[in-house]
Every structure is written in C-alpha cells, then in structure tokens.
1. Can you tell me which residues in segment A:211-225 are more than 15 Å from the chain's Cα centre (by Cα) and not β-branched (Val, Ile, Thr)?
2. Go through B:SER455, B:SER400 for me and flag whichever is over 23 Å from B:PRO479 (Cβ atoms) and among the hydroxyl-bearing types (Ser, Thr, Tyr).
3. Identify, please: which residue in segment A:43-86 is among the charged types (D, E, K, R) and out of contact with any Leu (no Cβ under 8 Å at 6 or more places or on another chain) and is, among those, modelled with the lowest pLDDT?
4. Evaluate the following for B:PRO335: is it at pLDDT below 95 and within 12 Å of chain A (Cβ to nearest Cβ)?
5. If you go through segment B:363-389 one residue at a time, how many are in contact (Cβ under 8 Å) with a residue 12 or more places away in the chain and at the interface with chain A (Cβ under 10 Å from one of its Cβ atoms)?
6. Could you check, for segment A:178-195, whether at least one of its residues is in contact with a His (Cβ under 6 Å, 6 or more places away or on another chain) and among the small types (Gly, Ala, Ser)?
7. Just name the residue that is modelled with the lowest pLDDT out of those in segment B:244-264 that are open to solvent by less than 70 Å² (accessible area, probe 1.4 Å) and over 24 Å from B:THR304 (Cβ atoms).
8. Looking only at segment A:199-227, which residues are buried (at least 17 other Cβ atoms within 10 Å of the Cβ), within 11 Å of another protein chain (Cβ to nearest Cβ) and among the small types (Gly, Ala, Ser)?
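The values are calculated or read from the model by the stated rules, or taken from the named source; none is laboratory data. What you see is a predicted model, and the numbers here were worked out from it, not measured in a lab. A quick note on method: Cβ atoms are made from the backbone with ideal geometry, for glycine too, and the neighbour counts reach across all protein chains shown. Note: areas computed on protein heavy atoms with side chains; ligands, DNA, RNA excluded. Shrake-Rupley method; radii C 1.70, N 1.55, O 1.52, S 1.80 Å.
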Amino acid sequence: MFRLEKRPTPSRGWTIATPILAVLMTMIAGGIMFAILGKDPFEAIKIIFWDPLFSEQFASYSRPQLLVKAGPLILIAIGLSFGFRAGIWNIGAEGQYIIGALCGAGLGLAVYPTDSVFIFPAMVIAGAFGGWLWAMIPAILRTKFNTNEILVSLLLVYVAEHIMAAMALGLLRNPEGHGFPGSRNFKQYEAAFNGELLAGTGMHWGVVAAFIAVIFAYVTMSKHLLGFQITLAGQSPRAARFSGVNPTRLIMLCLGISGALAGMAGLFEVTGPAGQITTSFNQGYGFTAIIVAFLGRLNPIGILLAGLLMALTYIGGDLAQLMLGLPAPAIQAFQGMLLFFLLAMDVLSNFRIVLKKSEAV
Amino acid sequence: MSEQLIKLDGLTKAYPGVVANDAVSFSIDKGEVHALLGENGAGKSTLVKMIYGLVHPDAGQMTLEGNAFSPTEPRAARAAGVAMVFQHFSLFEALNVAENIALGMENPPKQSELAARITKVSHDYGLPLDPHRLVGDLSAGERQRVEIIRCLLQDPKLLIMDEPTSVLTPQEVEILFHTLRQLRDEGTAILYISHKLDEIRAICDSATILRHGKVVDTCTPSEKSARELAEMMVGSALHQPLREAGAFGDVVLELNNLSAAATSQFGTALKNINMQVRAGEVLGIGGVAGNGQEELLAAISGETPCGADTARFEGRPIGDFGPNARRELGILAAPEERLGHAAAPDMSLIENALLTAASREKLVNKGFVDWGKTRAFAKRVIAEFDVRTPGARTAARALSGGNLQKFVIGREVLQNPRVLVVNQPTWGVDASAAAQIRQSLLDLAEKGAAVVVISQDLDELMEISDNFCALNEGRMTKPHPAKGLTVEEIGLMLGGADEQEAAHV
C-alpha cells in the first residue's frame, strides 16, 4: 500500500519538477483521449505544442498570436496572484476586465477624433480605474458587511456583461455604423489604437505591461514587506493579525490591484486585438487567468511561463480543430487535464509517498 | 505479594528519522500507580499509544495477566481491560453527559439505566456528576470526570492517564487523587503520565523514566526529591532560576476597566480588567484555561484594540493602538498558540523573525525587507536561546514544540521589550528548556522590563512571579504578593471566590 507522509519542509526540487511532470502526464492522457477519438495522438500533440511555433505553414500567423493571447492572461493572473496568496478570492476578473475596457474605450471614444499623445495613456489609466472600481464593490461589501467576495465578484461578471451589451448597442455604438451593434473600430483611430510595436511579434503595449507587472510582482513578493504580509495572511491569518497586518487594508489592496490590472488588460485588448466594443468582445481571459495563476503557483515567473503555455494550448487547440477536425470539447478537456494533473502532482511537493509494508495483523 | 498485571518487553517503534521507543521494558502490578516520566519527545505518548492499540510496535511483546497482548485497535485494548483518559477530551458539547458516554460504548444500555449507573459510579468514587447536564456547561475538571467515568464503567484493569491535572485547580486535583487512590486500593493499576513532579511524588508507587526513547532509570518517587526526579529525566544537573528581588520602578503598563469581546467562539470576554505592572516586576496571572487568558494577551498586544484610555503605557493612552504601534513603544507579546499565531507554520525561521521584529529591529527599510539583517537576527535568536534546528531556513512546523517556543520567546526577549506579555511560556517544553525560558524572563525583569506571565502552571508562577492575580470567567482578582500564598488561597483565587476583597495582603 502507498501512504502519504507530510514533508517537514516543502521540497524545492519537486516544486520545480511537478509542472513539467504535469505537462507530460497531460500529453499522455490527452494522447489516449485523442486516440479514442480516432485521431493520431502524436500528430495531435505535435499540432498543439509544436506547429504553432515552428510549422512553416502556420507559424507566421500563429507565432505572434502567442504573445497576443498570453499578454492579457499574464497581466490578469499577476493581479489575481496577490489576492490568491493572501486568501482573498477574486473570481470576477472577467467583469473587471469588461468594465475597465468600457471605461478606457469610453474615454477614447468621447474625445474622438482628437489627436494627442496623451490620449492612449489616459485611456490606460481610465481602464485601470474602471477595473479597480468594479473590484471595490466586492471589497467594500466584504470589509463592511462580511459578504463572500467569491460570490459577489463572480456575480458581478454577469452584471458587467449586460452593461457591455447595453453599451455596444447604445451609448458607445458607432454613429457611422449603419445601426450595427458595436463601437467605432480603434484601428481607424490612430491616437487610441494599441497596435503591434514590432511587426510580426504580436508585441503590443499590453504585453509590455504584462512583463512590467511580472517584474513588479517579483520584486514585491520577494523583497517588499507587502509581499511578506500577503503571504503571511494567506498562510496563517491569525499570525498575520498578530504581526500587525490590517486585514481590511489587505483586502482593499489585493482586490484593488487585481481589478486595476484586469481593467488594464481589458483596455489593451479592446483597443488592440479586439479593436472595438462589441456585445461579446471579452474572450473569457478573466476566467482563464485564474487557471494561469494557479498553474504558475502564484509565482510571478511561474505565471509568465504558465501564461505562455496556456496561450500555446489555445492556439494549438484551434489549429488541431482546424487540421484534424477535433471537437472543441476535446480541446477543453485537454486543457482541463493540464490543471487537474498540476494540482494532483502538487501533492508531491508537500508530501512524500511511502511504500507501506503490509502489516501482519 | 502483588501480582503482575502487564509486562512490556523490548517494545520498539521507529518513525522516519527518529526512534520513538527503543527496547522499552517494564511491568506494572495490580493496584500499582506507575509513573511514566520523561521530557517532551522522550517517547511517552508513543509508548502509551502502543498499549492502547493506536500504534503498532515494530518489535517487542506485551503480556497482560500472563497472556500475549497485542491490541490492533483501541477497541481490542478496551475489551482486554485497558482504558485511557486523554489529555484532550473528545466530548460533544451539545450532548449531555449520559449521551456522550453512550457514544463511546459498544452496546449502550438504555439512557435511564446508563444514567443510574453513572450516578452510582460517580458517587462510589467521589466524582460528583449529573448525567443529564450538557457537556457544554461543564468546567474542564467536570469534563475530565466524564472521561474518567466513561473509563470506569468498563471496569478497567489498567487505567492510563495522560497529563490529567493540567486543566485542574488544586482542589480538583485533590478530588482526582482521592479517586485514583480508591481505584488503586481496589486493585486497578494506573499508568500516570505527568510533568508535575510533586504530583508524581504524592501519588505514584513507582516510576519509569524515559529519555530519548530508552528506559534510563526506575525509582520509587516518594523517596526522591522533585529535583532529583527532574535530573533523572533530563540527564544533567538542573539550572534553577535565580532571582535577586530588586526594587520596582514606575508603573509601565496599566489597564483600566478594560472590557473586550471573546476572540473566538469558545473564548471568554474580559470584564472590567484593572491591572498594573511596574518596571522590574514579574506579574503572574493564573487561571484555568479558557477564562480569558487569550483575550488578555490580545488586549495587551494590540490585536484587539479597545478604547484609548483603557490601556496606558507610561501614563500615555494607547488602548487604540494596533500591534505594530505598540511594538514600537516596546510592548511585545508571545501568544500561547505557537503554530498559527506566534509563528507561521510553513514559513522559515527567518521569515518568522520578521513577523514581529520588523519595526523594532529595523529589518525593513522604506518598505523593503533587509533579508540579510533579518537572517542575522534569526540566527542570533537561534544561538542565544539554544534553538535546535538544522538551520534558519527550516520551516517553523519542522521544529519540536519546545524548540519553537524557545525561538518565539527569544525573538521577543532579544528585542529589548519594555513590557513583555507571555501566555503559557513553557507549555509542553521540557524541564531544562523551561528553566532556561524562565531565567530569561527573570533576567529581562532584572534589566528593568515589566513582565506579565500568564500561565496555568502554578508552580511556575510561584517560582518567578513577584505578584500574583487570577483570571476567572474574564474577571481578574486583585494582585497578591506571590511569596507566602498558600495552595488554598490560590485555589480560592482561581475559583473567583474573591475578586474584590484581598484574601491575603
């Protein structure tokens, strides 16, 4: 029989090895699933993990997509990781992302067609502010009335989606759009457009912001007292209070940071890859970022890698649907397996498996 | 001649990295009270768990009344006549006494029948207990009676008691001892585990001393002094705390009519606490667990801020200050719960050093942690307080209770507090480490700090306090000079008989 035994200190080696092991296990289990569906498993795995980056046929299109998709995921996940480390669960980044995009885009559309270098930076700030504002609702309800921030933040996503639809059909609708839903396209508004910075890389300002956020989070977590307090509050709330951490302040701060970064991500998306406010311009990045945050073990560098990996499975998944005719649920199941194996393997960093000799009773 | 009841022969149990019991052999006769003595981690718990069938030995045999005895589970041990009263009770507060006892029985009789049996047994053994009362309404001493009566209903041949007196007042201890003597006279053997050497000398007929999992000695406790017993346990001469009684300085910390809500569901609210402690004074606060000790520490440390005027530091109102503002003034605290309150279990000792020392040791510069300085401070605590750990990077949860306690106390003492409040400073700590911790508290007072020691160990309080108060249901008695207080007077104070009047001046 096997038995799990708690390690006195978490194993450093396993903490690094488990994500790699989880990816391998996903490839094996996913491969079996693809084989059952009647597809060549090796071909499918190659299309998902290899072709988007290196195939001559697709790479020129899909390689830039890697950063386009990974940018918002990383930016949102970094914000979420602050709260998740402190045990504050913001599940509603998707809503903050939408409201941030609406606020930032709204500002840009309000001053259309003024041309100034300050417009885009002001829109970024407005986007961050919108996301922050939306996150303050669960924060204040939690600190004043002790409501559950998981439920409140999640339900506010649906409220945000309705506001988004109303905006696309009403206030922000393109006056020159012949009555079609959706705002003006930012591709036609130079001062507010978040274009590619280096041609063919997919690099836009949102990706730059994501990289800055990674560095900022890394420094905060490892060197700043705030990072220590966040980790402490997550691990032992009572010790944190004893240490002088103010729980109210921490909740406001963590939800505020995650909201602001999600709002910024929304703004970068709507002014860049999405191009305009539509009734459904949001891509579910806010939810996927939760997976990215955990896949990266709430560690900034881990989140960077996890965001890239997640983006890869998205692009590769699309490609596999196209090339092999794999059904979309199979791709989602494959992504689900990745998270499942990661969490399952996580046990190994805190526990060791001991072979138990069967005792003669 | 008395007959042998149980014999242990070469019992061995190893856990990864440590041999908990190494070829332990001894025997207990019928009608004998046998003490099992040892420091923390000496292997006492593992040994009794093997007798009770909770742990299976790697090697060795036991015989009970001449027959081979190897219980595979507690039920088998109980069937063979072995009963155990644990240190921590397993009772349901929402059920009454009889219902709780029925839950632990194989074939419980009808409630009315069981209630009658409980009343009879409690009467026979001088342990008054009403079978219909809710356990939630009982005191710790009464709850222990429920556990004892649960055992007695099985007519045990061997009764194992793990630290039975840690939750009792001196009067309750007397009642318990009376019961145990009666059981002994009826032929029941008792295996008695305790840290309290005076109790062992009072009640035990023989003692087996364990050190590092091995039997190092056996003796007749009544023929030895408590000091000799302690030295047998520790294996070296004990360092007794020494104290030059000095003159006290000005009042450093005072609490005026402080009331605070309970910190937890099972806590006790503080009601109108008045307290003063002067520079150089050690104020001991006794009381049975759960009478407001945690709340008092939280009120002084700043975890539960109260009205500004309810607490004064050198005359200045500080009642509304948070923990860090108080730390900057020099008011430091070491809570009872080491893991999860005084220290974060999964964090290293370095990070745990930062937990309380950030402001006073200037470990943070413009918000950035100076990890080098923090590591140096952690290492200083480890070195000066003899914390046994593989290194400063080790997680707090990997340390034994005693070593973590030394770290927690050392972390506060080395920050040069003006006021230090500690709750249960030597709980679960072995004799030599406890002496070391007490000495460090006395040294601190010597240097002019005001020290408040909250403890349930009366011997400890009598040893180090200048003045003594007791907490009872959230109220505090007036202070009395510790010197010359008798056990009866202390018992009355703990019982809350006299909150206004001084029993002894």
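1. Matches in segment A:211-225: A:PHE216, A:TYR218, A:MET221, A:SER222, A:LYS223, A:HIS224, A:LEU225.
2. Only one candidate qualifies: B:SER400.
3. In this case the residue turns out to be A:GLU56.
4. yes
5. Summing the residues that are in contact (Cβ under 8 Å) with a residue 12 or more places away in the chain and at the interface with chain A (Cβ under 10 Å from one of its Cβ atoms) in segment B:363-389 gives 4.
6. No, segment A:178-195 contains no residue that is in contact with a His (Cβ under 6 Å, 6 or more places away or on another chain) and among the small types (Gly, Ala, Ser).
7. B:GLY246
8. A:GLY227
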